[in-house]
1. Roughly speaking, what is the stretch gain from residue B:54 to residue B:143, that is 0.36 nm per residue apart minus the C-alpha to C-alpha distance, in nm to one decimal?
2. Other chains' Cβ within 10 Å of A:88-95 residues: what's the mean?
3. With +1 on each Lys and Arg Cβ and -1 on each Asp and Glu Cβ, how big is the dipole of the protein assembly as shown about its Cα centre, in debye rounded to the nearest 20?
4. If I fit a long axis through the Cα atoms of helix A:106-116 and take the longest principal axis of the Cα atoms of chain A, what angle between them do I get, 0 to 90°, rounded to 10?
5. Each residue of the range B:166-176 in order: what ³J(HN,Hα) in whole Hz does its phi give by Karplus 6.51 cos²θ - 1.76 cosθ + 1.60, θ = phi - 60°, with x for Gly and Pro?
6. Using θ = phi - 60° and the Karplus relation 6.51 cos²θ - 1.76 cosθ + 1.60, list the HN-Hα couplings for the range A:224-233 in order, rounded to whole Hz, with x at every Gly or Pro.
7. Rounded if a/c is under 1.5, else prolate if a/b is larger than b/c, else oblate: which is the range B:8-138, with a ≥ b ≥ c the root eigenvalues of its Cα gyration tensor?
8. With the dipole of chain B worked out from charges on the C-beta (+1 for Lys and Arg, -1 for Asp and Glu) around the Cα centre, which of B:63, B:234, B:261 lies farthest toward the positive end?
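Every number here is computed from the coordinates shown, using simple stated rules; none is lab data. Given the structure is predicted, the values throughout are model-derived calculations rather than measurements. Cβ placement follows ideal geometry from the backbone for every residue including glycine, while neighbour counts extend to all protein chains displayed.
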Amino acid sequence: MQPEIPQYAIETRDLSIYYGPFEAVKNVDLKIEKQKITAIIGPSGCGKSTLLRAFNRMNDFVPTSRVDGEILMHGTNLYSKDIDPVEVRRKIGMVFQKPNPFPKSIYDNIAWGARINGFKGNMDELVEQSLRNAALWEEVKDKLKKSAYELSGGQQQRLCIARTIAIQPDIILMDEPASALDPISTLRIEELMQELKKNYTIIIVTHNMQQAARVSDYTAMMMLYEDTRSGTVIEFDDTKKIFTRPSDKRTEDYVTGRFG
Amino acid sequence: MDVSVNKSLASNSFRPATLKRKRRLNEGLIETILFMVGFLTIFVTVGIVIVLGDQALLFFNDPEVTLVEFLTSTKWVPAIGEFGIWALVSATLTTSAIAILVAVPLGVSAATYLSEYASLRARSVLKPILEVLAGIPTVVYGYFALLFVTPILRSVFDNRIGVYNMLSAGLVMGIMILPLISSMSEDALSAVPNSLREAAYAMGATKLEASLQVVVPSALSGIGAAVIVGISRAVGETMIVAVASGATSDFTFNPLKAAETMTAHIARISGGDLSYNSVDYNSLFAIALMLFLVTLVLNLISQWVISKFREQYE
């Protein structure tokens, strides 16, 4: 058998995710391209976040959760026995819905992750670079020792992005990163994502259809099976196509706001 | 979908709304009761201070004693009119320090285990056991110290340690306040929002790194409160020290020696046949006042330390 040439950042094969006996996500096959932004959209409770959290094995913390099928990162199955979930999370960073900076200084919020991951270089430089890349440096450079809680919500979220990129992951997962932010902060996050995709693969879950249309290159549309209440990806395509001429009637109804 | 509300039914069920100010008697009543209950605690505290201060004044007015001697001397021999409080304070500080050194690391570790690591099953077994520890009468702890811990210590230290010693009393006192510190710390740890743990894990933290470097520091003010309560409990503890640490009022910080704490001294003297209004009798109130002060000062110091410690986070 030929060794596979991994051309995708993440590829799922017949992926199903269970909580106990309940199949929350069913038979998902996705190929997520490198250095692109892929949006996952769909109505509430259809398993978007569950799917996202499977990518960096955050679902491991739910004691009853279980995964069938494969999730390949650059060709390596993230759920094979010899994979260390801690290392997976180092390579696949995550930004959450509500900004969740640590109750530490702005500086330490970034330095901490680097330190626990064995960073040996110049910490000041890393902190500055990460803050610059997260478009936050100019606003906080004079108060690095101040608590992260003194920042506004939008700044906190950019700080969370900064500390994520400080540990140099390959992929960044974003779980509705702007849903708790005002429109201006949202716009800044979206601009930032466009910058970040030069170096990172980004997967974003969003409820905001305009946001998906604005920022993403590809969109996966998720929907529940009526009978089993399991979520699945019903359509996965170029964002333009999803929003202009989707091939699935349900996608069309959803993106035009007719239900969901 | 029918979402219309049957308006006539809904409005008939309420009393007619007038905009005039109403007298809400029960609101006022509740407020008065709550105020009185709150005031009661202040009243009791003030009352204690007044009673102690009043009697202590009699003590300090006695020609046999001076305030300076009381606060500076290290000899407490009432029989010959020596009243130096440091002889008793030293024992209180030593036993309390040992207790805190035992209870804080163990209590915080136990709390971290229960809150961050333990499975539901392990928790359901361990928590009740810890709570049983909290329910043991202190006199039992006292005899546990004297009859179980001291013999072990004597086999370790040979004859360098007496039958009565502060080490044994302090260790057992530590075990006594352990459940207090662990359950208060656990509450503080459980109150740390899960989003912080997730943030730590999502950055490639191991469980240990997340627990010790994110969750515990975030719960520091709650853990600090637990330590403060623990200190107060240790300083005020009477029975264990009365039974296990001896009745010699020597000035010493050596845990292998016997020494009498302020509380144990009060308990012992007031249990004897002491004539009312004698110097000895009045000295008890001066000691009690000092005990009050020591607790207060230790509380203030701990609060200050915690606020210093917290500053880097806030």
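1. Numbers: separation 89, 0.36 × 89 = 32.04 nm, distance 3.55 nm.
Using 0.36 nm per residue and subtracting the Cα-Cα distance, I get 28.5 nm.
2. On the way: counts 1, 6, 4, 1, 2, 3, 5, 2.
Taking all residues of A:88-95 together, the mean is 3.
3. Working: 55 positive and 58 negative charges, 231 e Å.
With only Lys, Arg, Asp and Glu charged at Cβ, the dipole is about 1120 debye.
4. Helix A:106-116 sits at roughly 70 degrees to that axis.
5. 6, 4, 4, 4, x, 4, 5, 4, x, 5, 5
6. In residue order, the calculated couplings are 8, 5, 4, 7, 9, 6, 8, x, 8, 7 Hz.
7. Details: a/c = 4.82, a/b = 1.48, b/c = 3.27.
It comes out oblate by the Cα gyration axes.
8. The residue sitting farthest along the positive end of the dipole is B:234.
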